[in-house]
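Here is the structure we will look at, set down as structure tokens.
The values are calculated or read from the model by the stated rules, or taken from the named source; none is laboratory data. Because the structure is predicted, anything quoted here is derived from the model rather than measured. In case anyone asks, the SASA skips ligands and DNA or RNA and just uses the protein heavy atoms, side chains included. Shrake-Rupley method; radii C 1.70, N 1.55, O 1.52, S 1.80 Å.
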Amino acid sequence: MMIKIDAIVREDKFEEVKDALDKIEVHGVTAYQVMGYGQQRGYKEVVRGMEVQVQMLPKIKFEIVVSDEMWEKKVITAIQQAAFTGEPGDGKIFCYELRHAMKIRTMEINE
């Protein structure tokens, strides 16, 4: 069984999370710039003298696929420690079981 881990973290935690994953020798990572909000519901900003509610906040989404539950725990721990500030908006981590994966070049499945 393979496990996909999606982690959505603060933009300013990108380097810390990437370095934490490198440190535990995670070799396959995909990262995206995304927008979203959770319980904090954004913030208020003054634009040209008008107060504007900004709900969608910039975040970074990491996608990692690991081979087993031991790696799942290592990756989750590394991300949680690197992304933690203790404030609302630190992010979320989601885990999914994968049925299979195929390497396009060689057509290897579940490697």
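Remarks
- The phi torsions of region 74-88, fed into the Karplus equation with coefficients 6.51, -1.76 and 1.60 and a -60° offset, translate into couplings of 4, 5, 4, 4, 4, 5, 4, 5, 6, 8, 5, 10, x, 9, x Hz, rounded to whole numbers, with Gly and Pro shown as x.
- Built amide H within the under 5 Å cut-off of MET2, gap 5+: LEU98
- Principal-axis tilt of helix 14-23 within the chain, Cα atoms, nearest 10 degrees: 20
- Rounded to the nearest whole Hz, the Karplus-based 3J(HN,Hα) values (6.51 cos²θ - 1.76 cosθ + 1.60, θ = phi - 60°) of region 24-33 follow the sequence 8, 6, 7, 9, x, 9, 10, 10, 10, 8, with x at glycine and proline.
- Amide hydrogen neighbours beyond the local backbone of LEU57, cut-off 5 Å, H modeled: GLY36, TYR37
- Accessible surface area normalised per residue over region 67-111 is 82 Å², counting heavy atoms of protein chains with a 1.4 Å rolling probe.
- HIS100, HIS27, reordered so the largest accessible area comes first (probe 1.4 Å): HIS27, HIS100
- Relative contact order of region 5-76, pairs being alpha-carbon contacts under 8 Å that are 6 or more residues apart, as %: 46
- Karplus-derived HN-Hα couplings along region 50-57 (A = 6.51, B = -1.76, C = 1.60, θ = phi - 60°), whole Hz, x at Gly and Pro: 10, 7, 10, 8, 9, 8, 8, 9
- Average projection, convex hull of the Cα set of the chain: 8.7 square nanometres.
- Here the accessible area is traced with a 1.4 Å probe on the protein chains. For region 28-91, carbon and sulfur cover 52 percent of it.
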